[in-house]
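Below you'll find the structure, written out as structure tokens, and then a few comments.
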Amino acid sequence: MTKPHLNLAPILRSCRHEDFDALFAIDQACFPRGIAYSRRMFRWFLSLPGADCLLGEAGGEIVGFILTDADPPQGQVITLDVLEPHRRSGIGSRLLQEAESRMHAAGVCEVTLETATNNQPAIAFWMKHGYRTEAVLKNYYLDRIDAFQMRKTFAASASTNRRPIE
């Protein structure tokens, strides 16, 4: 049995105001209670001056999104959420690559993020995409789960075709 929409190439687009409920539901599905964002916190992140939210649709349904914040020369991945049936399909990588391109075009030179030290699939994903562990943040999640702070630095380039350091 095939999973719905898995064979359809996802479409990437910027989020719109009317996508909020779907994105919030995806965040709730992807993270446990207490780690998933509250409605208020999620709205706050989306309202940041440098916020950019890009989503992936497959079969007309939102299957994942990435929320970033650019405050050049720094950037941050706030969250990357992909619904379980669509993980390992490449959508997360496509979202990340497009978000990094947007941040770099905005003048970001390095990007940070946090991920739980016990989330091996996420750690492998971030490392595959050039992020390296910089610090351990004790009791970062739920006052009991440590997080890795990870960083990726982009190569300096005067051209418009900038590429991240791998």
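Filter the range 77-104 down to the residues that are farther than 18 Å from residue 121 by Cβ and either modelled with pLDDT under 95 or in contact with a Leu (Cβ under 6 Å, 6 or more places away or on another chain) (or both) and list them by number.
Once the filter is applied, which keeps residues that are farther than 18 Å from residue 121 by Cβ and either modelled with pLDDT under 95 or in contact with a Leu (Cβ under 6 Å, 6 or more places away or on another chain) (or both), the range 77-104 yields 78, 98, 99.
So which residues in the range 107-125 are under 17 Å from residue 67 (Cβ atoms) and touching a helix residue (DSSP H, G or I) at 6+ places or on another chain (Cβ under 9 Å), if there are any at all?
To start, the set of residues in the range 107-125 that are under 17 Å from residue 67 (Cβ atoms) comprises 108, 111-115, 122, 125.
Those that are under 17 Å from residue 67 (Cβ atoms) and touching a helix residue (DSSP H, G or I) at 6+ places or on another chain (Cβ under 9 Å): 108, 111, 113, 115, 125.
What tally of residues in the range 25-57 results from selecting those that are within 20 Å of residue 84 (Cα to Cα) and aliphatic (A, V, I, L, M)?
7
Quick check, is residue 89 under 14 Å from the mean Cα position of the chain (by Cα) and of a type in the set (S, T, N, Q)?
Details: under 14 Å from the mean Cα position of the chain (by Cα): no; of a type in the set (S, T, N, Q): yes.
Taking the combined requirement at face value, the residue does not satisfy it.
Hey, among the residues in the range 102-153 that are in contact (Cβ under 8 Å) with a residue 24 or more places away in the chain and among the hydroxyl-bearing types (Ser, Thr, Tyr), which one's surrounded by the fewest Cβ atoms within 10 Å (Cβ to Cβ)?
Among residues in the range 102-153 that are in contact (Cβ under 8 Å) with a residue 24 or more places away in the chain and among the hydroxyl-bearing types (Ser, Thr, Tyr), the one surrounded by the fewest Cβ atoms within 10 Å (Cβ to Cβ) is 153.
Determine if the range 140-154 includes at least one residue that is part of a strand (DSSP E or B), of a type in the set (Val, Ile, Thr) and either modelled with pLDDT under 95 or more than 14 Å from residue 109 (Cα to Cα) (or both).
If we filter the range 140-154 for residues that are part of a strand (DSSP E or B), which is where we start, we get 140-141, 145-154.
Then drop every residue that is not of a type in the set (Val, Ile, Thr), which leaves 145, 153.
So of that shortlist, the ones also either modelled with pLDDT under 95 or more than 14 Å from residue 109 (Cα to Cα) (or both) come out as 145.
Taking every residue of the range 140-154 in turn, at least one turns out to be part of a strand (DSSP E or B), of a type in the set (Val, Ile, Thr) and either modelled with pLDDT under 95 or more than 14 Å from residue 109 (Cα to Cα) (or both).
Looking at 80, 46, 95, which one is under 27 Å from residue 154 (Cβ atoms) and in a strand (DSSP E or B)? Give the derivation first.
Details: 46 fails: in a strand (DSSP E or B); 95 fails: in a strand (DSSP E or B).
Unique residue meeting the criteria: 80.
Kindly check whether there is at least one residue in the range 66-76 that is in a strand (DSSP E or B), closer than 23 Å to residue 125 by Cα, at pLDDT 95 or above and of a type in the set (Asp, Glu).
Of all residues in the range 66-76, those in a strand (DSSP E or B) come to 66-71, 74-76.
Narrowing further to those that are closer than 23 Å to residue 125 by Cα: 66-70, 74-76.
If we keep only those that are at pLDDT 95 or above as well, we get 66-70, 74-76.
Then keep just the ones that are of a type in the set (Asp, Glu); that gives 69.
Checked against the condition, which is being in a strand (DSSP E or B), closer than 23 Å to residue 125 by Cα, at pLDDT 95 or above and of a type in the set (Asp, Glu), the range 66-76 yields at least one hit.
If I filter the range 83-92 for residues that are of a type in the set (D, E, K, R) and crowded, with 20+ Cβ neighbours inside 10 Å, do I get at least one hit?
So in the range 83-92, the residues of a type in the set (D, E, K, R) come out as 84, 87-88.
Then drop every residue that is not crowded, with 20+ Cβ neighbours inside 10 Å, which leaves none.
No, because not a single residue in the range 83-92 is of a type in the set (D, E, K, R) and crowded, with 20+ Cβ neighbours inside 10 Å.
Go through the range 14-42 and give me each residue that's basic (Lys, Arg) and assigned to a helix (DSSP H, G or I).
39, 40
Is it the case, given these coordinates, that residue 112 is in contact with a Lys or Arg (Cβ under 8 Å, 6 or more places away or on another chain) and outside any loop (DSSP other than H, G, I, E, B)?
Details: in contact with a Lys or Arg (Cβ under 8 Å, 6 or more places away or on another chain): yes; outside any loop (DSSP other than H, G, I, E, B): yes.
For residue 112, the condition - in contact with a Lys or Arg (Cβ under 8 Å, 6 or more places away or on another chain) and outside any loop (DSSP other than H, G, I, E, B) - is met.
I'd like to know if the range 82-90 contains one or more residues that are acidic (Asp, Glu) and closer than 18 Å to residue 46 by Cα. Spell out how you get there, then give the answer.
Step one: filter the range 82-90 for residues acidic (Asp, Glu), giving 84.
Still in the running and closer than 18 Å to residue 46 by Cα: none.
Looking for residues that are acidic (Asp, Glu) and closer than 18 Å to residue 46 by Cα, one finds none in the range 82-90, hence no.
In this structure, does residue 26 turn out to be in contact with a Phe, Trp or Tyr (Cβ under 7 Å, 6 or more places away or on another chain) and of a type outside the set (Asp, Glu)? Give the steps one after another, and end with the answer.
Working: in contact with a Phe, Trp or Tyr (Cβ under 7 Å, 6 or more places away or on another chain): yes; of a type outside the set (Asp, Glu): yes.
Considered against the rule, which asks whether it is in contact with a Phe, Trp or Tyr (Cβ under 7 Å, 6 or more places away or on another chain) and of a type outside the set (Asp, Glu), residue 26 comes out as yes.
The values are calculated or read from the model by the stated rules, or taken from the named source; none is laboratory data. These numbers were taken from a predicted model, which means no experiment stands behind them. Using ideal geometry, Cβ is built from the backbone for each residue, glycine included, and neighbour counts are taken over all protein chains shown.
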